[in-house]
Every structure is written in structure tokens, then in C-alpha cells.
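A short worksheet on the structure shown next.
The values are calculated or read from the model by the stated rules, or taken from the named source; none is laboratory data. In this text, all values refer to a predicted model and were calculated from it rather than measured experimentally. Every residue, glycine among them, receives a Cβ derived from its backbone with ideal geometry; neighbour counts consider all protein chains shown. These area figures cover heavy atoms from the full protein model, side chains too; ligands, DNA and RNA do not enter into them. Shrake-Rupley method; radii C 1.70, N 1.55, O 1.52, S 1.80 Å.
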Amino acid sequence: MKTKMPGIYLHIPFCDTKCIYCDFYSITNHSKKNEFLSAIKKEIAAQSAKLRDSSFDSVFFGGGTPSLLDKDDFTSIFDTLYNNYDISVNTEITIEANPGTLTKEKLEQFKQLPINRISFGVQSFIDEELNFLTRIHSSNEAINSIRAAQDAGFENINLDLIFALPGQTMESWKFNLERAVKLNTQHISAYSLIFEKGTALYSMMEKGSVSRADLDLEQEMYEYTMEYLTAKGYEQYEISNYAKPGKECRHNLKYWTLEEYISFGPSASSYIGDKRWTNVKNIGKYIDLIEEGKDAYDFIETIDKDTSITEHIMLGLRSRGIVFADFKDKHNIDFLNTYSSRVELLIEKGFAVKDNTKLSLTRKGYAVCDEIVASLF
Ligand code: SF4
């Protein structure tokens with residue numbers, strides 16, 4: 001009997017330009033696109049034996065910029081996926097899209113594919129902020145792309161925003177949120193800007209040409225975001241993610257609830273059983289390994305019991321909470337008995353609430369989630 005419902009992730013590494021803050025594996029040279037497409041289809045077919053007994057209910061094309069692919073590219077990938085995996089009828093199928101890469105015609109073509117969710121990397125509705133982030137689109141292009149997707153019939157749309165940009169004011173962040181809500185998408189992700197080592201943004205900070213936003217202001221922006229989006233009918237179901245009822249991202253929930261997923265493409269990570277592996281972060285190496293009939297793994301790790309418990313607590317607190325029955329099932333540990341004093345402390349300070357089934361963070365708790373996880377668990 002097929003019981004598991006894992007997810008499928010495909011990493012499409014091509015972008016038109018490299019954004020200054022981005023630390024995903026992405027390349028601006030598209031000359032290997034056809035070889036890449038051939039390789040990823042071979043990898044999809046070759047890995048299918050690993051999850052023979054599974055049905056899948058989420059597929060996520062991330063990147064990179066999957067919206068750079070055209071309809072025929074997607075069609076051939078979908079053919080390979082459907083020929084090799086048991087993909088359920090109502091599977092959530094997301095593509096990440098850069099608003100600067102989509103036309104009305106392209107969106108109408110995508111609507112003829114099995115794609116039923118689009119996640120737009122908008123980041124800001126203010127052109128100066130977009131320029132700073134080196135995004136290729138303008139605010140108007142983002143608005144037009146989302147409206148065109150809605151007109152084409154897409155009914156499950158996310159938009160990503162970034163706050164705590166250097167020099168950003170509370171007013172400009174409020175403007176971004178208001179603009180986002182006006183577009184009436186089903187889902188909004190709002191992340192604070194991270195200065196990741198190895199990015200152009202990090203070098204700029206080291207050279208002193210930009211500095212991080214003031215921590216108090218960042219906190220104020222985060223608290224306002226939770227309050228504002230909740231008041232506008234979006235439920236916060238993860239520290240940075242908000243959805244209209246029933247429109248939570250099924251695929252991302254799998255990451256946050258430690259469900260299994262299999263992934264394809266350079267730099268993509270998979271998690272099956274107690275093993276997690278990551279593919280090489282180099283398109284040439286990736287293509288060569290696949291063409292030689294090998295796995296494209298860069299490294300494999302075994303998730304031991306302690307790591308699994310820590311991840312369960314951390315991811316649970318960051319999203320919908322720690323469900324006691326799930327915790328017992330997975331680790332054979334009674335969560336409340338084991339962590340009683342820490343749980344009581346969180347509740348006493350107003351950081352968490354508990355009912356008979358689970359412990360979850362309050363808004364106050366979300367705001368200091370990382371500190372809670374680090375200090376208590
Ligand atoms: S478009 Fe997305 S993946 Fe590509 S460089 Fe920018 S942030 Fe990174």
C-alpha cells in the first residue's frame with residue numbers, strides 16, 4: 001500500500017543576472033541549458049527507484065529562475081516526471097518566477113501545463129529598493145505580471161517580499177505591505193534581508209558601503225508585518241509565511257514538518273529515511289556525473305536521533321507548533337514530560353501557548369524564535 005506523500009523539488013539554476021544578496025546556486029551563462037535539461041530528465045528517471053512505494057502531492061520548481069524555461073522545456077520535464085513517479089491528481093505544482101521574465105503570452109502557455117501555483121520573487125514595490133537589490137524588474141512589471149497571472153487563471157499565487165533593507169524606513173515597508181495586500185494573492189512570504197557570506201552584499205558590508213538595518217527597526221517591521229497581514233486575512237503559519245485559509249504552501253510545509261522529499265538538479269537536497277544528500281553545486285560537474293550514469297551527490301549525511309529531535313523542535317516552533325503525538329511517534333519521547341520546565345517558562349513569558357495536542361509560539365515568541373531555540377533547546 002502506498003502511504004507516504006513526499007515532495008519533489010527541481011532546481012533550475014539559470015538567472016538573467018545575479019542579485020547582490022543571493023546565495024542560491026544560480027548562473028547567468030545559459031549555454032548549457034539543453035545539456036542540463038537532458039541531464040535533469042535522466043536524473044529524474046534514474047532516482048525513481050528510491051521512492052517506488054510513494055505517491056507525490058507536491059512538485060516545486062525553484063532556482064534560479066524556473067520561469068526562464070519555456071513551455072516545451074516544462075512539457076518534456078513533466079512527461080519524464082509523470083512517466084516515472086506516481087503523482088497524485090491534486091498535486092500542488094509550483095514554479096518560482098521572476099516578474100521580469102514573464103509575459104502575458106508565456107503565462108497563458110504555462111496555464112496549459114500542470115502548473116497550478118506561481119511564486120513571484122517581487123521583493124519590493126519601490127523601484128529604488130529593487131535597484132539596490134539588483135533585481136531585473138520594476139515595481140510596475142511585478143504588479144503587471146501578477147495581474148497577468150491572475151487573468152490567465154492562476155488561483156494560487158505567492159509573492160515574496162524582503163524587509164530591513166539598508167536605509168529602508170517603516171513607511172516604505174508599510175507601503176510594500178499595502179501594495180502586496182492590494183494584489184490579493186493567496187500567499188505572502190516576508191523575509192528580512194540576510195547578509196550571507198560570499199554574496200556581493202556581504203562584501204559591500206565588509207567594505208563599509210552598506211550596513212545592516214537597525215535591529216530595533218527590523219524588529220518593529222517584523223512585528224508590524226505579523227499584525228498587518230493577520231488583520232488582512234492572512235494566517236501566519238511559519239515565521240516568515242502567511243496564507244489565506246487553505247492556501248498554505250504544501251511543499252514548504254514538508255520541509256518544516258520533516259517529511260520526505262526528493263530533489264533534482266545541481267545543489268538540490270533530498271531527505272529520505274534518515275539520509276539527507278545534496279547534489280554538486282556546479283552545472284558542468286552535475287551534467288558529467290549524470291551522463292556517466294552516476295549519482296550527482298556532493299555529500300550524504302545520516303541524520304542521527306539528536307539531530308532529528310533538534311530539527312523537529314526548531315522547525316516545529318518556527319511553523320505550526322510541536323504536535324505531541326507526532327513527536328512521540330517519530331522519536332518515542334514524551335515531549336511535555338521531557339521538556340516540562342522549559343515549556344512552562346515559554347508559556348509564562350508569553351512566548352508560547354499549549355493545548356492538549358501541541359505547543360506553538362505566539363507572535364511575541366515568533367519575534368524571538370531563534371533566541372528561544374538556541375537558549376532553551
Ligand atoms: S533571481 Fe533569485 S535565484 Fe536568481 S540571482 Fe536573484 S535571488 Fe538569486
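Remarks
- Counting only protein heavy atoms and a 1.4 Å probe, the stretch 137-205 has 40 square angstrom of accessible area per residue.
- Reachable aspartates and glutamates from LYS364, criterion Cα separation under 17 angstrom, eight or more residues apart if same chain: ASP216, GLU218, GLU220, GLU223, GLU227, GLU235, GLU238, GLU344, GLU348
- Counting Cα-Cα pairs of the stretch 185-311 in 5 Å increments starting at 0 gives whole-percent bin shares of 2, 9, 12, 11, 14, 16, 16, 13, 5, 2, 0.
- The rule of thumb for compact globular proteins, 2.2 N^0.38 Å, goes into the C-alpha radius of gyration of the stretch 54-184 1.14 times.
- Counting only cysteine Cβ atoms and a cutoff under 4.7 Å, the chain contains unmatched residues CYS15, CYS249, CYS369.
- For the stretch 237-377, average projected area of the Cα convex hull in nm²: 10.1
- Pairs of Cα atoms farther than 17 Å apart, the stretch 78-148, %: 50
- Computed from the Cβ-Cβ distance with R0 of 56 Å, the FRET efficiency linking ASN83 to GLU220 stands at 0.65.
- Structure note, pairs LYS18/LYS207; LYS254/LYS305; LYS71/LYS111; LYS254/LYS275: Cα-Cα distances above 21 angstrom do not occur.
- Model label zone, PHE24; criterion: amide N under 15 Å from point 7 Å along Cα-to-beta-carbon; scope the stretch 192-222: 194
- Integer Hz, Karplus 6.51/-1.76/1.60 couplings in order for the stretch 241-249, x for Gly and Pro: 10, 9, 9, 5, x, x, 10, 4, 6
- Measuring against 29 Å, Cα to Cα, the residue pairs LYS104/LYS247; LYS41/LYS328; LYS281/LYS328 contain LYS41/LYS328; LYS281/LYS328 as the ones spanning a longer distance.
- Stokes-Einstein diffusion coefficient of the stretch 1-82, Kirkwood radius over Cα pairs, 25 °C, 0.890 mPa s, in µm²/s: 175
- Solvent-accessible area per residue in the stretch 322-376 equals 58 Å², computed with a 1.4 angstrom probe and all protein chains kept.
- At R0 = 41 Å, FRET efficiency that the Cβ-Cβ distance of ASP288 and LEU376 yields, to 0.05: 0.35
- Compared with the alpha-carbon gap, the fully stretched path from ILE300 to SER76 is longer by 77.7 nm at 0.36 nm per residue.
- Kirkwood estimate for the stretch 162-246, i.e. one over the average of 1/r between Cα atoms, Å: 13.8
- Computed over the chain, relative contact order equals 15 percent, with contacts defined as Cα pairs under 8 Å that lie 6+ residues apart.
- Taking 4 °C and 1.567 mPa s as conditions, the chain diffuses translationally at an estimated 59 µm²/s according to Stokes-Einstein applied to its Kirkwood radius (Cα pairs).
- Carbon and sulfur %, accessible surface of the stretch 159-295 computed with the full protein complex present, 1.4 Å: 48
- Summing Lys and Arg as +1 and Asp and Glu as -1 over all other residues whose Cβ lies under 11 Å from the Cβ of ILE303 gives a net charge of -2.
- Here the calculated FRET efficiency for GLU35 and GLU348, from their Cβ-Cβ distance with R0 = 56 Å, stands at 0.45, rounded to the nearest 0.05.
- Amide H contacts of VAL59 (H built 1.01 Å from N, in plane; Pro and chain starts excluded): ILE8, GLU92, ILE93, THR94 sit under 5 Å, all sequence-distant by 5 or more or on other chains.
- Once the Cα-Cα distance is subtracted from the 0.36 nm per residue extended length, the ASP355 to ASN140 segment shows a gain of 72.9 nm.
- Gain in span if fully extended, MET205 to GLN112, counting 0.36 nm per residue against the direct Cα distance: 29.0 nm
- Rg/Rh ratio calculated on Cα atoms of the stretch 322-376 (Kirkwood radius): 0.96
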